[in-house]
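Q: Handing you this structure, nothing more for now.
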Amino acid sequence: MNRKNPLPNSNPNSPNSSMQALHFLQALARIARAAPKPAHSARTRQIRHAAYASMAHSSRSSRRTWSRALLHRLRQWQQQRPGRLLTVRRRVRIVTPITSRPEEPARAETLRQLVPGGRGMEYCNLLEETADYVQCLRAQVQLMQTLLDAFSS
Amino acid sequence: MSSRRRRITDGEINELITKLQSLLPEPRRRNTNRASASKLLKETCSYIKSLHREVEDLSDRLSDIIETMDGDSPQVEIIRSLLN
């Protein structure tokens, strides 16, 4: 394990990944310090939440539609506190969905559901946002894997 | 959202599809015709789903590790050193 460069993609040429990593680490430290310690499932949810928040806050993605949509979704999740007897879930549509055009491949619809905010995007933008989203997702997975390896050694 | 729709050229679509192709785990050299574009989208969907599952799984395992952490454990030191 290379101690000098423990973070993935943390070279000076990709400040985006470094911000993403930093954000996630800070969140993870907060979660670890929480007292009393939450239940395992609650902590897992918090970590997952932190993972997606870090993705959305990385400098490259903060201008993206998917990151704004993701942050919106995260805020909705946060407002759902477990233990409330009656949780009224209101689905707020902030964009008008664009129905798939006939010349789009059929799979575009599935993609629209997978990429945050995808339903409101033009096909061209959808592809671009998807590429960006995939890059951030990959970086996040690499980061978490690296951390796990570091913690396990 | 504005109702005007920019006329998107096939060239732009192909370019983006090529870019997506390069991001997938096993890049393949293919003509970006309609059929393979659809296949590429399908692979992209599977890939995104698998990445979502990985995030879930890794969150779970990180949660396990953190459970065993206290103020003096080495993992906390790692986090601190990475944050400085």
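The values are calculated or read from the model by the stated rules, or taken from the named source; none is laboratory data. Note that the structure is predicted; figures quoted are calculated from it, not measured. So basically every Cβ, Gly included, is an ideal-geometry build from the backbone, and we count neighbours across all protein chains shown. Keep in mind that these areas ignore ligands, DNA and RNA; they rest on the heavy atoms of the full protein, side chains included. Shrake-Rupley method; radii C 1.70, N 1.55, O 1.52, S 1.80 Å.
Q: Enumerate the calculated ³J(HN,Hα) couplings along the range A:148-153 in order (Karplus 6.51 cos²θ - 1.76 cosθ + 1.60, θ = phi - 60°), each rounded to whole Hz, writing x wherever the residue is Gly or Pro.
A: Using θ = phi - 60°, the values come out as 4, 4, 5, 6, 8, 7 Hz.
Q: If you plug each phi of the range A:32-37 into the Karplus form 6.51 cos²θ - 1.76 cosθ + 1.60 with θ = phi - 60°, what whole-Hz ³J(HN,Hα) values come out, in order, with x for Gly and Pro?
A: My calculation for the range A:32-37 gives 5, 7, 4, 9, x, 5 Hz in order.
Q: Could you give the nm distance between label points at B:Ser81 and A:Gln78, where each point is 7 Å from its Cα heading toward the beta carbon?
A: Calculated label separation equals 3.2 nm.
Q: List, in order, the whole-Hz ³J(HN,Hα) value for each residue of the range B:51-59 obtained from phi through the Karplus relation with A = 6.51, B = -1.76, C = 1.60 and θ = phi - 60°; use x for Gly and Pro.
A: 5, 4, 5, 5, 4, 4, 5, 5, 4
Q: Between B:Asp57 and B:Glu15, how many nm apart are label points set 7 Å from Cα along the C-beta direction?
A: Label-label distance for B:Asp57 and B:Glu15, simple model: 3.7 nm.
Q: Still on this model: Would you mind giving the total buried accessible surface between chains A and B, with a 1.4 Å probe and ligands, DNA and RNA left out, rounded to the nearest 100 Å²?
A: Using a 1.4 Å probe on protein heavy atoms, the buried area is about 4800 Å².
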